[in-house]
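**Student:** To start, I am sharing the structure in question, which I have written as C-alpha cells.
The values are calculated or read from the model by the stated rules, or taken from the named source; none is laboratory data. Note that the coordinates shown come from a computational prediction; the quantities given were computed from them, not determined experimentally. Neighbour counts run over all protein chains shown; Cβ positions are idealised from the backbone, glycine included.
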Amino acid sequence: MISYFVGLDISQATLDVGFFPEKIPHFQVKNDPEGFAQLIACLSELEVERVLLEATGGYERAVLRALRREGLNVVRVNPKRSRDYTSAMGKIAKTDKIDAQMLAKFAREFEDLPQVEPNLDRDELGELIKLRGNLVQHRDDDKRRIKQTICATAITTYTDHIVYLGEKIKELDEAIEKASNVLDSDTTRRLMSVKGIGVITCGTLMAYLPELGTVTGRKIAGLAGLAPYNNDSGKKNGPRSIEGGRYRVRCAIYMSMWSMIRHDPDFNARYNALMARGKRAKVAAVACMRVLLVQLNAMLRDGTEWKEPKLKVPAP
C-alpha cells in the first residue's frame, strides 16, 4: 500500500489539500468542523505517513487538534521553513494549490519531532499568556503616549486606562497561575520553586514549550531558539549564532535569566566569567539562558528538585 504525505495550505475560510505522491488530486474543504470531517474521511482511507501544515496565526489550531485526535502524525512548521524549501526547489509561482503540494513534498523530507498531544487546558493557558502580553503592550504604549501629550483630557484618559489595564493584568496573573496548576500542578510547583521563575515564565514554558522535560538538552535549546549554529566554510570559522525557535519562550527565559544573574551565585559567576573573557553582554546572556533552560529540562525529565547553590561560608 502506498504511503502518502499530505500538505495543508490553510486560510481563514478554507483548507487546500495536496498529496505526495501526486496520485490523488488536490482538493479544497472549508476550515470548519464540516470540512475537517470531509478531510478525515478522505485520509482514513489512505496510508498517511505525515501531515504538514504551517502556523497561520491561529487558523490552523482547530484542524491540528482534529487530525491529532484521529491519531494522525501532524506537524506544524514555521512558514519561513516551508518558503525556504519552496525557493530551494525552484518554485516561483504561488497559489493555494501549489503551496499545498509543496507542503506535501516538504512533509516527505521533514524530520519527525516528539508529538505533543492536543490539550485544551494548555490551549487555554496559552490564550491567557497571549492576552496578558497584549494588555501589557497596551499599558506600556499608553505610558509612552502620556509623556508625549500636553492635553489634560488625553492625560486623564491615558491615566485611567493605565489603571484599568493594571487591574486586568493582576486578574490575569491569578488566572494564569490557576490555569498552570490545572494543567500540571507538579510541573508548576517544580518550576516556580526556582528563584527567578515566576507565574508568567512558568505559564509560558508550560503553554509554549510542552516538550520541556521530554527531550534532550540540545533539542530543547533548539526548540527555544537558543542553540548556537556553526557558520563555517572552507578555512573560514565564522561566529556561531542562534536562529529561529519560539519567541515567547525566549522572551520569558530572558527576563528570568537576569533575575537569576542577580540572585543566584552560580549564574552570577557564570555571566561575569563570560564577560571577563571578552564576550559581549548579549552573548553572555544567551549562554546563561541556554544553561538555565537545559537545567530546567533536566529537572523535569529526571523528576528531581531544583538544586539551590551552596554558598561558601568564609573561614573564621
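**Student:** Could you count how many residues in the range 50-66 are outside any loop (DSSP other than H, G, I, E, B), within 17 Å of Phe106 (Cβ to Cβ) and among the aliphatic types (A, V, I, L, M)? If you could, list the steps in order and put the result at the bottom.
**Tutor:** Quick first cut of the range 50-66, residues outside any loop (DSSP other than H, G, I, E, B) only: 50-54, 61-66.
So of that shortlist, the ones also within 17 Å of Phe106 (Cβ to Cβ) come out as 50-54, 64.
From what is left, the residues that are among the aliphatic types (A, V, I, L, M) are 51-53, 64.
Residues flagged as outside any loop (DSSP other than H, G, I, E, B), within 17 Å of Phe106 (Cβ to Cβ) and among the aliphatic types (A, V, I, L, M) within the range 50-66 amount to 4.
**Student:** Scan the range 223-259 residue by residue and report those that are at pLDDT below 90, of a type in the set (A, V, I, L, M, F, W, C) and closer than 18 Å to Gly203 by Cα.
**Tutor:** Leu223
**Student:** Against the conditions (1) surrounded by 14 or more Cβ atoms within 10 Å (Cβ to Cβ); (2) farther than 23 Å from Thr14 by Cα, where does Met102 fall short? Just the number, please.
**Tutor:** Tallying (1) surrounded by 14 or more Cβ atoms within 10 Å (Cβ to Cβ); (2) farther than 23 Å from Thr14 by Cα, Met102 fails exactly one: (2).
**Student:** Could I ask something else about it? Would you please name the residue that is nearest to Ser259 (Cα to Cα), looking only at residues in the range 203-217 that are buried (at least 23 other Cβ atoms within 10 Å of the Cβ) and more than 9 Å from the chain's Cα centre (by Cα)?
**Tutor:** Per the stated criteria, the residue is Gly203.
**Student:** Would you mind listing the helices (runs of 4 or more DSSP H) fully within the range 197-281 where at least 3 residues are under 30 Å from Leu128 (Cβ atoms) and not β-branched (Val, Ile, Thr)?
**Tutor:** 199-208, 217-224, 247-263
**Student:** I need the full set of residues from the range 38-49 which are of a type outside the set (A, V, I, L, M), within 19 Å of Val75 (Cα to Cα) and not in a loop (DSSP other than H, G, I, E, B), in order please.
**Tutor:** Within the range 38-49, the first condition is being of a type outside the set (A, V, I, L, M), and the residues that meet it are 38, 42, 44-45, 47, 49.
Filter once more, keeping what is within 19 Å of Val75 (Cα to Cα): 42, 44, 47, 49.
Cys42, Glu47, Glu49 - these are the residues of the range 38-49 that are of a type outside the set (A, V, I, L, M), within 19 Å of Val75 (Cα to Cα) and not in a loop (DSSP other than H, G, I, E, B).
**Student:** Using the structure shown, decide if Phe110 is surrounded by 21 or more Cβ atoms within 10 Å (Cβ to Cβ) and among the aromatic types (Phe, Trp, Tyr).
**Tutor:** Here the answer is no, as Phe110 does not meet what is asked.
**Student:** Answer with yes or no whether Glu211 is touching a Pro at 6+ places or on another chain (Cβ under 8 Å) and outside the structural domain of Val294 (by TED's automatic domain parsing).
**Tutor:** For Glu211, the condition - touching a Pro at 6+ places or on another chain (Cβ under 8 Å) and outside the structural domain of Val294 (by TED's automatic domain parsing) - is met.
**Student:** Based on this model, can you work out whether Thr153 counts as buried (at least 17 other Cβ atoms within 10 Å of the Cβ), of a type in the set (S, T, N, Q), outside the structural domain of Ala287 (by TED's automatic domain parsing) and out of contact with any Leu (no Cβ under 6 Å at 6 or more places or on another chain)?
**Tutor:** no
**Student:** If you scan the range 77-95, which residues turn out to be buried (at least 17 other Cβ atoms within 10 Å of the Cβ) and either in a strand (DSSP E or B) or in contact (Cβ under 8 Å) with a residue 60 or more places away in the chain (or both)?
**Tutor:** Val77
**Student:** Also: Filter the range 56-68 down to residues that are surrounded by fewer than 16 Cβ atoms within 10 Å (Cβ to Cβ) and of a type in the set (A, V, I, L, M), then give me how many there are.
**Tutor:** Qualifying residue count, the range 56-68: 1.
**Student:** For the range 82-110, which positions are more than 25 Å from the chain's Cα centre (by Cα) and among the polar types (S, T, N, Q)?
**Tutor:** Thr95, Gln101 - these are the residues of the range 82-110 that are more than 25 Å from the chain's Cα centre (by Cα) and among the polar types (S, T, N, Q).
**Student:** Give just the number: which of (1) buried (at least 16 other Cβ atoms within 10 Å of the Cβ); (2) closer than 17 Å to Cys288 by Cα; (3) in contact with a Ser or Thr (Cβ under 9 Å, 6 or more places away or on another chain) does Ala221 not satisfy?
**Tutor:** Among (1) buried (at least 16 other Cβ atoms within 10 Å of the Cβ); (2) closer than 17 Å to Cys288 by Cα; (3) in contact with a Ser or Thr (Cβ under 9 Å, 6 or more places away or on another chain), Ala221 violates only (3).
**Student:** Quickly run through the range 180-196 and pick out the residues that are of a type in the set (Ser, Thr, Tyr), over 20 Å from Leu120 (Cα atoms) and in a helix (DSSP H, G or I).
**Tutor:** Across the range 180-196, there are no qualifying residues.
**Student:** For the subset of the range 7-37 comprising residues that are part of a helix (DSSP H, G or I) and among the hydrophobic types (A, V, I, L, M, F, W, C), which member is surrounded by the fewest Cβ atoms within 10 Å (Cβ to Cβ)?
**Tutor:** Among residues in the range 7-37 that are part of a helix (DSSP H, G or I) and among the hydrophobic types (A, V, I, L, M, F, W, C), the one surrounded by the fewest Cβ atoms within 10 Å (Cβ to Cβ) is Ala37.
**Student:** What are the residues in the range 99-129 that are without any contact (Cβ under 8 Å) to a residue 24 or more places away in the chain and assigned to a helix (DSSP H, G or I), if any?
**Tutor:** Listed by number, the residues that qualify are Leu120, Glu127.
**Student:** What is the number of the single condition among (1) at pLDDT below 95; (2) under 30 Å from Leu212 (Cα atoms); (3) surrounded by 12 or more Cβ atoms within 10 Å (Cβ to Cβ) that Leu125 does not meet?
**Tutor:** Tallying (1) at pLDDT below 95; (2) under 30 Å from Leu212 (Cα atoms); (3) surrounded by 12 or more Cβ atoms within 10 Å (Cβ to Cβ), Leu125 fails exactly one: (1).
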